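Read through the structure below, which is laid out as structure tokens, and then see the notes.
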Amino acid sequence: MTTSSSLRRLSVGATYNLRDIGGYETVDGRCTTWGRLFRSDAARFTNAADIIALGLRTVVDLRDEPELAALPTGLDVLVPKVVHRPLNPRPLLTDVHDSPDPLGGLYVALVRERGPELASVIAELARPGALPALVHCAAGKDRTGVVIALVLSAIGVPDETVVADYALTADYLTAEFFAALPAESDSVGAGNTGMHGARPESMLAMLRVLAAEHGGARAYLAGHGVSEEALDHLRTALTR
């Protein structure tokens, strides 16, 4: 595994946006460990050796059933535990398309309307023995972006770093990627290029709502049933 942030993206399978979240400093001087948690778009993984090299014990797939059928990843036979935790953002889109920041509005809606579902994802990652783990959706941007932001924020990574990690997606998701995305996986609306970006302001909007309405990501997750013990374990498992 590389420890260079300039090479954070990993070339495994037919992915565009597979990244390691290691190397991020926390507010108390710790650092996220490389090779423990990955984020990605969905892709077919046909080379078992590449997946074995990552040492994955858990995959959390945030897509819904039509998406799973349209693009099976093959990870079910390569990783000990693959769990499906659909977040289904489509019903939340109606009220955000006319917003000055529709993606920010979507992320805020996800934390307000999908609290139990998001908490179940974090609890899965906090399970003893769950790591190394991969979290992915279709693009590895919106649903995955919210989950990874919650994880990083809950273990003490400052907002500016969380936002910077999210914004890296814009470097990797090309027009070619979105053109090839199955229609079933276009959770933000076919052809709506305004929803294809990854502006820092969009993720920052969500983090500000978490702080204002819940006192931060850790309190938000605790309020939705993730135990303090589990959150402490996740922090220990992801940092050094």
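Quick one: with all protein chains in place, what share of the accessible area of the chain is carbon or sulfur, to the nearest percent (1.4 Å probe)?
Whole-percent figure for carbon plus sulfur exposure: 52.
Want the number for GLU184 to ALA219: 0.36 nm per residue separation, take away the alpha-carbon distance, what's left?
9.2 nm
Just to make sure I understand: if all protein chains stay in place, what is the order of GLU213, GLU160 by accessible area at 1.4 Å, largest first?
Final ranking, largest accessible area leading: GLU160, GLU213.
Rounded to the nearest 20 debye, what is the charge dipole size of the chain about its Cα centre when +1 sits on each Lys and Arg Cβ and -1 on each Asp and Glu Cβ?
With Lys and Arg at +1 and Asp and Glu at -1, about 600 debye.
Residue farthest toward the positive end of the dipole of region 10-76, with Cβ of Lys/Arg at +1 and Asp/Glu at -1: which of LEU56, ASN17, THR33?
Toward the positive end, the furthest listed residue is THR33.
Rank these residues by their accessible area, most exposed first, probe 1.4 Å: LEU168, LEU18.
LEU168, LEU18
What figure, in Å² to the nearest 10, do you get for the accessible area of HIS97 with a 1.4 Å probe and non-protein molecules left out?
80 Å²
Just subtract the alpha-carbon distance of GLU160 and ALA49 from 0.36 nm times their residue separation and send over the number in nm, one decimal.
36.4 nm
Tell me, what HN-Hα J-couplings in whole Hz come from the Karplus equation 6.51 cos²θ - 1.76 cosθ + 1.60 at θ = phi - 60° for each residue of region 152-163, using x for Gly and Pro?
4, 5, 5, 9, x, 6, x, 4, 5, 6, 4, 5
Before I look further, what does the chain give for accessible area per residue, probe 1.4 Å, in whole square angstrom?
Per-residue value: 41 Å².
The values are calculated or read from the model by the stated rules, or taken from the named source; none is laboratory data. Bear in mind that the values here come from a model prediction, so they are computed numbers and not experimental data. For neighbour counting, all protein chains shown are included, and Cβ atoms are generated from backbone atoms with ideal geometry for every residue, glycine included. These area figures cover heavy atoms from the full protein model, side chains too; ligands, DNA and RNA do not enter into them. Shrake-Rupley method; radii C 1.70, N 1.55, O 1.52, S 1.80 Å.
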